[in-house]
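Note sheet for the following structure.
The values are calculated or read from the model by the stated rules, or taken from the named source; none is laboratory data. Everything numeric here is computed off the predicted structure, so don't read it as measured data. FYI the Cβ positions are ideal-geometry reconstructions off the backbone, even for glycines, and counts take in every protein chain you see. Areas reflect the complete protein model, heavy atoms only, side chains present, ligands, DNA and RNA absent. Shrake-Rupley method; radii C 1.70, N 1.55, O 1.52, S 1.80 Å.
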Amino acid sequence: MMDTNIKHITVFTGAGISAESGLKTFRGHDGLWEGNRIEDVATPEAWQRNPELVQRFYNERRKSCLQAQPNAAHDALVKLSRYYDVDIITQNIDDLHERAGSVKVLHLHGEIVKSQSSLDPELVYPIEGDEIKMGDRCALGSQLRPHVVWFGETVPNMTRALQIVQYTDMLIMVGTSLQVYPAAQLVFETKRECKIVVIDPQANRHRIEGDVEYIDKNATEGVPYLVNLMTK
Ligand code: APR
């Protein structure tokens, strides 16, 4: 049912929303990310130690991402934005929200389809094709690296994310384990009357204080289900 008390909705998404598009979540049973230890591929130290390995790792992730298609959950969020003012805040580096047609998408951990200067993170470029090669350089001459936020780096879009969450009327969280700060902090920044809904097949593992509705379903089932209820 269309809820007239709700004007603005924030949808906070994690790896789980892209799982059914074929992109793996991070915290599987083995604790590895596609067979790699996180510290070997997703830290500034890893880049210092072995930039070729890091570049190869993200080139492979980028190819998988470009082959993947948005799923019914991404699509349902586009529908939701026809009825409410919707901001999506995502921890995902894939571009499936954009390819589904969502317009207001804030990436906390960067975007794999872009590159950035290894000296100045504000120099960001689209990637031609699907690879960054060693030797590809920014306008100022330094090596290009993936436009992703590594462990130990600051999250530049966090300030904007906090602003959004602080005035939103409803926060819908989809497919995130909330294990990584500062993103996990967002849920504590909502105003008191904000409605909170968690959609995740492991929703029972999330322990959030207050009046929270848990939808224990996969994203492709749970998100269309909620969106249909809210747009009737
Ligand atoms: N539908 C919905 N949720 C799902 C599905 C699915 N089909 N499959 C798995 N999930 C849920 C899991 O139950 C889990 O709660 O998605 C969540 C995935 O959690 P993580 O793998 O920890 O991913 P995420 O929370 O996005 O990780 C946050 O950590 O490694 C870093 O920077 C990386 O952005 C990432 C951040």
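Quick one: how many residues across the stretch 16-44 are modelled with pLDDT under 75, open to solvent by less than 80 Å² (accessible area, probe 1.4 Å) and near the ligand (Cβ under 9 Å from one of its atoms)?
Within the stretch 16-44, residues that are modelled with pLDDT under 75, open to solvent by less than 80 Å² (accessible area, probe 1.4 Å) and near the ligand (Cβ under 9 Å from one of its atoms) number 3.
Which of the residues spanning the stretch 110-132 are within 14 Å of the ligand (Cβ to nearest atom) and not charged (D, E, K, R)?
Result: GLY110, ILE112.
Tell me which of these ALA139 doesn't satisfy, since it passes every other one: (1) of a type outside the set (Asp, Glu); (2) at negative phi; (3) within 16 Å of the ligand (Cβ to nearest atom); (4) at pLDDT below 95.
Of (1) of a type outside the set (Asp, Glu); (2) at negative phi; (3) within 16 Å of the ligand (Cβ to nearest atom); (4) at pLDDT below 95, only one is false for ALA139: (3).
Output the number of residues of the stretch 151-172 satisfying the condition of being open to solvent by 30 Å² or more (accessible area, probe 1.4 Å), touching a residue at least 40 places away in the same chain (Cβ under 8 Å) and within 16 Å of the ligand (Cβ to nearest atom).
Counting residues in the stretch 151-172 that are open to solvent by 30 Å² or more (accessible area, probe 1.4 Å), touching a residue at least 40 places away in the same chain (Cβ under 8 Å) and within 16 Å of the ligand (Cβ to nearest atom) gives 4.
Is it the case, given these coordinates, that ILE6 is within 25 Å of PRO156 (Cα to Cα) and either in contact (Cβ under 8 Å) with a residue 24 or more places away in the chain or more than 15 Å from the ligand (Cβ to nearest atom) (or both)?
Details: within 25 Å of PRO156 (Cα to Cα): no; either in contact (Cβ under 8 Å) with a residue 24 or more places away in the chain or more than 15 Å from the ligand (Cβ to nearest atom) (or both): yes.
So ILE6 does not fit the description; no.
Conditions first: (1) more than 16 Å from the chain's Cα centre (by Cα); (2) open to solvent by less than 20 Å² (accessible area, probe 1.4 Å); (3) among the small types (Gly, Ala, Ser). SER81 passes all but one, so which condition is the exception?
(2)
I'd like to check something: does the stretch 72-91 contain any residue that is within 16 Å of the ligand (Cβ to nearest atom), in the same structural domain as ILE172 (by TED's automatic domain parsing) and assigned to a loop (DSSP other than H, G, I, E, B)?
So far as the stretch 72-91 goes, yes, one or more of its residues are within 16 Å of the ligand (Cβ to nearest atom), in the same structural domain as ILE172 (by TED's automatic domain parsing) and assigned to a loop (DSSP other than H, G, I, E, B).
Examine the stretch 189-212 for a residue that is within 16 Å of the ligand (Cβ to nearest atom), of a type outside the set (Lys, Arg), assigned to a helix (DSSP H, G or I) and in contact (Cβ under 8 Å) with a residue 24 or more places away in the chain, and state whether such a residue exists. Before you say what the answer is, go through the steps one by one.
Initial filter on the stretch 189-212 (within 16 Å of the ligand (Cβ to nearest atom)): 196-208, 212.
The next check asks that each one be of a type outside the set (Lys, Arg); those that pass are 196-204, 206, 208, 212.
Next, from what is left, pick out any that are assigned to a helix (DSSP H, G or I): 203-204.
Filter once more, so that each one left must be in contact (Cβ under 8 Å) with a residue 24 or more places away in the chain: none.
The answer is no, given that none of the residues of the stretch 189-212 is within 16 Å of the ligand (Cβ to nearest atom), of a type outside the set (Lys, Arg), assigned to a helix (DSSP H, G or I) and in contact (Cβ under 8 Å) with a residue 24 or more places away in the chain.
ILE89 versus (1) at pLDDT 95 or above; (2) farther than 30 Å from THR168 by Cα: which is the lone unmet condition?
(2)
Counting only residues that are open to solvent by less than 40 Å² (accessible area, probe 1.4 Å) and over 17 Å from ASN92 (Cα atoms), give me the strands (runs of 3 or more DSSP E) lying completely in the stretch 105-150 with at least 1 of them.
On the way: elements: 105-107, 110-117, 124-126, 144-148.
Once the strands (runs of 3 or more DSSP E) in the stretch 105-150 are filtered for at least 1 residues that are open to solvent by less than 40 Å² (accessible area, probe 1.4 Å) and over 17 Å from ASN92 (Cα atoms), what remains is 110-117, 144-148.
Please indicate, with yes or no, whether at least one residue in the stretch 101-109 is over 15 Å from the mean Cα position of the chain (by Cα), more than 13 Å from the ligand (Cβ to nearest atom) and not assigned by TED's automatic domain parsing to the domain that holds GLN48.
The first filter runs over the stretch 101-109 and keeps only residues over 15 Å from the mean Cα position of the chain (by Cα), leaving 101.
Now narrow it down to the ones that are more than 13 Å from the ligand (Cβ to nearest atom): 101.
Next cut, not assigned by TED's automatic domain parsing to the domain that holds GLN48 only: 101.
Yes; the residues of the stretch 101-109 include at least one that is over 15 Å from the mean Cα position of the chain (by Cα), more than 13 Å from the ligand (Cβ to nearest atom) and not assigned by TED's automatic domain parsing to the domain that holds GLN48.
Limited to the stretch 151-186, what total is found for residues that are β-branched (Val, Ile, Thr) and outside any loop (DSSP other than H, G, I, E, B)? Talk me through it step by step, then tell me what you get.
In the first step, residues of the stretch 151-186 are kept if they are β-branched (Val, Ile, Thr); the result is 154-155, 159, 164-165, 168, 172, 174, 176, 180.
Checking the rest, the ones that are also outside any loop (DSSP other than H, G, I, E, B) come to 159, 164-165, 172, 174.
The number of residues fulfilling the criteria is 5.
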